[in-house]
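S.K.: Let me begin by handing over the structure; questions about it come next.
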Amino acid sequence: MSINSFERKQENEWLENVIKEARKQFDKMRDFDEKIEKEAIETQKELWQEVGPISAANELDQLADFMSFIDVMKRQKREYGFIEKLKKKYEKMILSPYFGRIDFIEDGDKKAEKYYIGMSNLINDDYDTLVYDWRAPVSSMFYDYEIGKAEFKCPEGIVGGEVTLKRQYKISNGKIEYMFDSNLKIDDEILQEILAKSTDGRMNAIVTTIQREQNKAIRNEEYKNLIVQGPAGSGKTSIALHRVAYLLYKHRNEITSQNILIFSPNQIFNDYISNVLPQLGEENILQTTFMEYMNKALNVDLKKENYYDMMEYILSSKDKPSYQKRILNIKFKSSVEFIDILKKYVSYVEKADRGFTDIIFRGKMIISSKDLQGLLYKDYSYLPLKRRLQKIRERVLFLLEPYKKERIREVAGELEISGDFIDRVELTEKSIAIVKDEMKDIYSKIDRITEFDLVDIYRKLFENLEFFSGSSNIENSKNEIDEIKSYTLENLDARQIYYEDQLILLYLKGAFGDIPKTSEIKYVIIDEAQDYTPLQYEIFYQLFKSANITMLGDLNQSINPFMNVGNYNNISHIFLRENTCIMNLTKSYRSTMEITNFSRMLLNKEVAEESIARHGDEPLVHGFPNEEAIKMRILEDIKIYKDKGYKSIGIITRTKKEADEVYEFLKDKVQVKCIVKDDDDYVNGTIIIPIFLAKGLEFDMVIIYNAGDENYNCEEERLLLYTACTRALHVLHVYYSGKCTPLLQGKYRS
């Protein structure tokens, strides 16, 4: 629908009024800022003049005065931080106050109300809302409805009516660059323009182009748990971050950024997404990786393998003699059936005889074995095992204390008669030392009966694996069980614990009540949900039972063929259907249609999802006589595509070893960064990165390094190659030496 000159004039006048109001409020905040700064200086002067240095003579009075000044200064600091946040908000609004408008006639009214929608609210002194925050209830109609019947949900209930106009704007530096009316969903025109641009290195907010299905996921609060399944490029991570911003806006009186935790695939990804929430006017939330959390929680004196070393082993060690044995262990310990074994084992350990005997000191009964059993199985039965044992220890020591004190007095009396001491201090010290030595055995006994050794508990599971697996629905043969048992025990003897074993240790630690409390976490976001095993979801449930959990993933992007969720039915016993909603995204926005079709062909199955109608070059698949020739071609590509204006080029290798080799060739010839560690900083430009670290990232151009049949030759590697290809926005080149991977099924070969 075209916009006539009269409407354009009205729109420009409205924009001027809005910017004028934003400037006015910015100036007001700047004045407040200056006032608080002056007050802060004055407070510090008064503190020095009225309190001065605290002296011993009037310490308490001075301390009280000092603390009252500190309270004032803390309040001033909070006010200053709040005003700085508002100043930033108004600065942004002066440049671009809104991006959309809907005209809505509420049922029963005759005249349509105009709602301008932007990143933040703007309310004038008369309490008129000039701009509505994109997260406000009424703004949801901008994303969800076409022209015609519409409704939105607010605290008072459902408000129905009709959308009579839907308009989009691009405003830069306070000027309307263009605007147009849309009779359908948010038009592809703005979306196409944004998607066609070269990426600037980090993820950005997508407020102006949120699609209907994305908006539903962002605002969904009907269920405690939300699973968002969507193809590569469907905006899952963007949904996660915009959902966080929405929750912080809607529940701003109940939660802060410290009440929300996101589990990301790695620290590189945390760095990559660090811009989004600040762009939305919110503080970054707590971020961690599962591996980082596990490292902190598992305080065991063993050599621990990290996830990426495990991935490197899986992808580069097929020829090693122990490879199949390791894979057998990973599959067994990551299976749903093994969780049943663990749960039975936990129950067994909790009920097992602790070998209690009477605690007697110098012929006096402190506590009987029967009473100890009563404490363990009755009095403290409501607690997990670790806490029960701690409580028993505290109880026994409490009962022992009077006898200990009495004995110290007896010994002191004996020493006093003998005169074997210099002064009263030595008398006391000697008495305590003698009694301590006398009680050495009893303390050792208390330690033994209340001991909680996590590694020893784990060891005993595998020492008796055939017993605990015998009654479970495990398909492994006796020989395989014996092999798994011996392999695990050999590694424990060598003080080595592999990644898959750490998960089990962490689960046992949680099951026995030995994990820190996480009650302050109200919302948990789990990104790349497909790459967590059912056991890891059991651990998430242990940690965050009361929290709302949002899981976002794509089952087609499981990079570890042996450790993944499999399908969401495998966790349906944890996240019950009545509390859980699964939302399926149906459209991909990242890549050109040519790259999307090529990538989906790799899946070797029917894919129903749509993709954005954005066209580009066909992906190039090209063979070379050797890897040196591939490296030479990559060098040429970098120069060519940099000259074409592409800002980010991702050279994706299968392994760290390959990434290092490519980097050694390129580093002196072109500006390039190699990322091979989880905590490497993410930078824009040309990056060499193994696929298992590239999850969630995207690049203008992607070069797949050596997709030959030696690197990608079996079904287990299909999703790995698919994930690598779907990192590309505009250009995809797949290079190989020798024979091309059979996973391409004879298509696209040159």
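The values are calculated or read from the model by the stated rules, or taken from the named source; none is laboratory data. Everything quoted here is computed from the prediction, not taken from an experiment. Don't worry about glycine lacking a Cβ; one is built from the backbone with ideal geometry, like all the others, and counts go over all protein chains shown. Ligands, DNA and RNA are stripped out before the accessible areas are found, and what is left, the full protein with its side chains, is counted by its heavy atoms. Shrake-Rupley method; radii C 1.70, N 1.55, O 1.52, S 1.80 Å.
S.K.: For the range 621-750, report the translational diffusion coefficient in µm²/s to the nearest whole number, using Stokes-Einstein at 10 °C, 1.306 mPa s, and a Kirkwood Rh over Cα pairs.
M.R.: Here the translational diffusion coefficient equals 109 µm²/s.
S.K.: Please compute the length gained on full extension between residue 463 and residue 418, using 0.36 nm multiplied by the number of residues separating them and subtracting their Cα-Cα distance.
M.R.: Gain on stretching residue 463 to residue 418: 10.6 nm.
S.K.: Could you do me a favour and compute the accessible area per residue for the chain, 1.4 Å probe, result in Å²?
M.R.: 48
S.K.: For the range 331-411, which trypsin sites (Lys or Arg not before Pro) are both in a DSSP coil and crowded by at most 13 other Cβ atoms within 10 Å?
M.R.: When the trypsin sites (Lys or Arg not before Pro) of the range 331-411 are filtered for loop state and at most 13 Cβ neighbours within 10 Å, 362 remain.
S.K.: Roughly how tilted is helix 236-250, in degrees to the nearest 10 and between 0 and 90, from the longest Cα axis of the chain?
M.R.: Once rounded, one gets 80 degrees.
S.K.: While we're on this one: I need the peptides 89-95, 3-9 ranked by packing, meaning the mean over residues of other C-beta atoms within 10 angstrom, with the highest value on top. Spell out each step's value before the answer.
M.R.: Values: 89-95: 18.1, 3-9: 10.3.
So the peptides 89-95, 3-9, ranked by packing, come out 89-95, 3-9.
S.K.: Just the Kirkwood number for the chain, please: inverse of mean 1/r across all distinct Cα pairs, in Å, one decimal.
M.R.: 30.8
S.K.: Rounded to the nearest 500, what is the chain's calculated 222 nm mean residue ellipticity when only DSSP H runs of at least 4 contribute -39500 (n - 2.57) each, over all residues?
M.R.: Using -39500 (n - 2.57) per qualifying helix, the result is -14500 deg cm²/dmol.
S.K.: Okay, next question. Relative to the longest principal axis of the C-alpha atoms of the chain, give the angle of the C-alpha long axis of helix 534-543, reported between 0 and 90° and rounded to the nearest 10°.
M.R.: Tilt of helix 534-543: around 70 degrees.
S.K.: Still on this model: Counting pairs on different chains as well as pairs 8 or more places apart, how many Lys pairs in the range 659-750 have Cα atoms under 28 Å apart?
M.R.: Lysine pairs meeting the criterion: 10.
S.K.: Here's something else I'd like to know. Determine the distance separating the Cα centre of the range 84-150 from the Cα centre of the range 224-298; give it in Å without decimals.
M.R.: Value for the Cα centre distance between the two parts: 25 Å.
S.K.: Can you tell me the mean projection area, over all orientations, of the convex hull of the range 445-563's alpha carbons? Units nm², please.
M.R.: Across all orientations, the range 445-563 yields a mean hull projection of 10.2 nm².
S.K.: Determine, for each peptide in 604-617, 696-709, 506-519, the mean count of other beta carbons within 10 angstrom over its residues, then list the peptides with the highest first.
M.R.: Going by the mean number of other Cβ atoms within 10 Å, highest first, we get 696-709, 506-519, 604-617.
S.K.: Can you figure out the FRET efficiency of residue 677 with residue 105, using R₀ = 45 Å and their beta-carbon distance, to the nearest 0.05?
M.R.: The computed FRET efficiency comes out at 0.20.
S.K.: So what's the gap between the Cα centers of the range 551-588 and the range 348-426, to the nearest angstrom?
M.R.: So the two Cα centres are separated by 51 Å.
S.K.: R0 = 51 Å: FRET efficiency of residue 399 with residue 569, Cβ-based, nearest 0.05?
M.R.: After rounding to 0.05, the efficiency reads 0.50.
S.K.: First measure r as the distance between the Cβ atoms of residue 597 and residue 24, then evaluate 1/(1 + (r/R0)^6) with R0 = 51 Å and state the FRET efficiency to the nearest 0.05.
M.R.: The formula returns an efficiency of 0.45 here.
S.K.: Another question about this same structure. Restrict the search to the range 386-432; then list the chymotrypsin sites (Phe, Trp or Tyr not before Pro) that DSSP places in a loop and that have at most 12 other Cβ atoms within 10 Å of their Cβ.
M.R.: Nothing satisfies the criteria.
S.K.: Now a separate question. Given contacts defined as C-alpha pairs under 8 Å and at least six residues apart, what's the relative contact order of the chain, whole-number percent?
M.R.: On the way: 1162 pairs, mean separation 101.5, N = 750.
Value for the chain: 14 percent.
S.K.: Now for a separate question. Which entries of 85/166; 343/517; 303/436; 304/333 show an alpha-carbon separation above 27 angstrom in the structure shown? Could the numbers behind the result be given before it?
M.R.: Details: 85/166 30 Å; 343/517 21 Å; 303/436 36 Å; 304/333 16 Å.
Result: 85/166; 303/436 exceed 27 Å.
S.K.: Find, to one decimal place in angstroms, the Kirkwood hydrodynamic radius of the range 72-147, where the mean of 1/r is taken over every pair of different Cα atoms and then inverted.
M.R.: Averaging 1/r across every pair of different Cα atoms and inverting gives 14.3 Å.
S.K.: Simple spin-label model, 7 Å along Cα-to-Cβ: residue 42 to residue 613 in nm?
M.R.: 6.5
S.K.: Hey, could you pull the Cα Rg and Dmax for the range 331-391, both in Å?
M.R.: So, for the range 331-391, Rg and Dmax equal 16.2, 55 Å respectively.
S.K.: Counting pairs of alpha carbon atoms under 8 Å apart in space and at least six apart in sequence, what relative contact order in percent does the range 633-740 give?
M.R.: Normalised by residue count, the contact order of the range 633-740 is 29 percent.
S.K.: What percent do you get for the relative contact order of the range 334-389 when only Cα pairs under 8 Å and 6+ apart count? Don't skip to the answer; put the middle values down first.
M.R.: Working: 25 pairs, mean separation 11.4, N = 56.
About 20 percent, as a whole number.
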